[in-house]
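Read the structure below first, then the notes.
The values are calculated or read from the model by the stated rules, or taken from the named source; none is laboratory data. Note that this is a predicted model, so its numbers are computed, not measured. Backbone-built Cβ (ideal geometry, glycine too); neighbour counts: all protein chains shown.
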Amino acid sequence: MLAISNFVIISTFMQPNMIGGWGDSILALTMRCKTKTTIFNLIVFKEEAQMKSVKTFGFALFATFLLFGGQVQGQTLAEAIDTVIQTNPQVRSQVFNRLSRDGEVTQAQSGYLPTVDLNAAAGFSKHRKPEPEEDLEPWEASISVRQNLFTGFATMNEVDRQRARVRSSAYALQGTSENLALQTTRAYLDVLRNEELKRIAEQNRDTHLRIMDQIKLRSESGVGSQVDTDQVQGRLALAESNVIVAETNLLDSYSNYQSVVGNLPENLVRPTAPAEKLPSSLEQALEMAVAGHPTLKSANADLEARQSQYEVAKGAYYPVVDLELDQRWDEEVSRVEGERDETIFLARIRYNLFNGFKDSGRKAQTLEQVGEAREVKNNTQRQVVESMRLSWMAYQSVLDRIDFLRKHIESTRETAQAYSKQFDIGKRTLLDVLDTEAEAINAKIELVNAEADGLYSQYRILNSMGSLVHAFDLQWPEESLVDEEEE
């Protein structure tokens, strides 16, 4: 946010007969705040009608701006990631999903507790047959208490299943946070990359403008040719087109950044490479990825939930044991005269002998779902390993390329300077000069892309290990935390 305190002093000195009032001359001071800098425009509007009887004219304008608060602080990558974790809709929706699972655990745990029901009724009854006819005003009230003692371990296994689903959702929230942190990193680096590419494109255009001026001077002196002019004009048009493309790409990266972070980029700061936080070898990286990636942990929790679901299905083969307590009061119910007060306490056992093969079908279904969850977990592990291998190889490849690209830039810069001097003395053609300038620009572009890709590949490795958010000293959402005892 831009916080500016300003103090403006404007002094105007003029002859009394010069201006007939503020209606003849208007002073407007406007201040605009843009993304990267603060621009103060001082605009003086004067009356277009000619002024009469003006012998002397004196005008002085003095404006002083005092800015307090220092320079505008740009948004760092860590701040952008923290904003995403706190506000991104994908994270927030996963947070609500995680919290909803707590309610499902509570529902499952209700099987351990008794149920208490109150029943009351009152009304009017007229009996005609068998005689005698009579009018009654029956009423009744009862309290029923039911406590389950045994359901074939179904309640215990259902609680375990729901707790596993809570862990799965919590790990999924961690994975969502990690993936969005990587998307934020990509969007952040793309903005920096495209800003640099735009600067290079403008530099290339300015170089061609300079060459164009040289060719014009040579043509005016009779040394240059029309062919040279046509060549440089064509290259200049291409350079102008490249500037437009670079500006478009930059605007696209702004839009992508806003879609992920929620605000437009402002004074982004180039992050430092997290090389010291990377594992020392691919083997260590793979081990850490398999042990700590949240998506893989979520798949493991899903497998545990399916296994508990299978155990719940097996509970249908056991008897059900309940304690029942009923207290009843009634009067004139079923033509029984007088009040009735009775208490019934029972221990009831129920055992299903045949259920149309429903229980066996349910058991077979849940067993296959266990196999499905196991294969999903295995596939997730393969994806985690593949992602880590690709990230590691990309990182190593970029490291090797950057050194050669820097050497390439140095050599092309020296060649371009040498060709330019040789062109001035007639030993090189204009085409040679333009080609070397184009090669120098392309080398710079390649280096910018390689450096951005190299930095991104390091963050990608951290993401593959599930530690990208923590690398910025940030934390996952509180709702994603899992008790160590439940892991």
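What is the number of the single condition among (1) closer than 30 Å to residue 476 by Cα; (2) out of contact with any helix residue (DSSP H, G or I) (no Cβ under 7 Å at 6 or more places or on another chain) that residue 227 does not meet?
(1)
Surrounded by 16 or more Cβ atoms within 10 Å (Cβ to Cβ) and modelled with pLDDT under 80: is that true of residue 434 in this structure? Steps first, please.
Values: surrounded by 16 or more Cβ atoms within 10 Å (Cβ to Cβ): yes; modelled with pLDDT under 80: yes.
Judged against the criteria, residue 434 is a match.
Give 188, 112 a once-over and let me know the one that is in contact (Cβ under 8 Å) with a residue 24 or more places away in the chain and under 30 Å from residue 270 (Cβ atoms).
Values: 112 fails: under 30 Å from residue 270 (Cβ atoms).
That would be 188, the only listed residue that is in contact (Cβ under 8 Å) with a residue 24 or more places away in the chain and under 30 Å from residue 270 (Cβ atoms).
Working only within segment 293-334, note down all residues that are in contact with a Gly (Cβ under 6 Å, 6 or more places away or on another chain) and surrounded by fewer than 16 Cβ atoms within 10 Å (Cβ to Cβ).
Listed by number, the list holds a single entry, 318.
State whether the residues of segment 230-253 include one that is under 28 Å from residue 174 (Cβ atoms), modelled with pLDDT of 95 or more, part of a helix (DSSP H, G or I) and in the same structural domain as residue 199 (by TED's automatic domain parsing).
Taking every residue of segment 230-253 in turn, at least one turns out to be under 28 Å from residue 174 (Cβ atoms), modelled with pLDDT of 95 or more, part of a helix (DSSP H, G or I) and in the same structural domain as residue 199 (by TED's automatic domain parsing).
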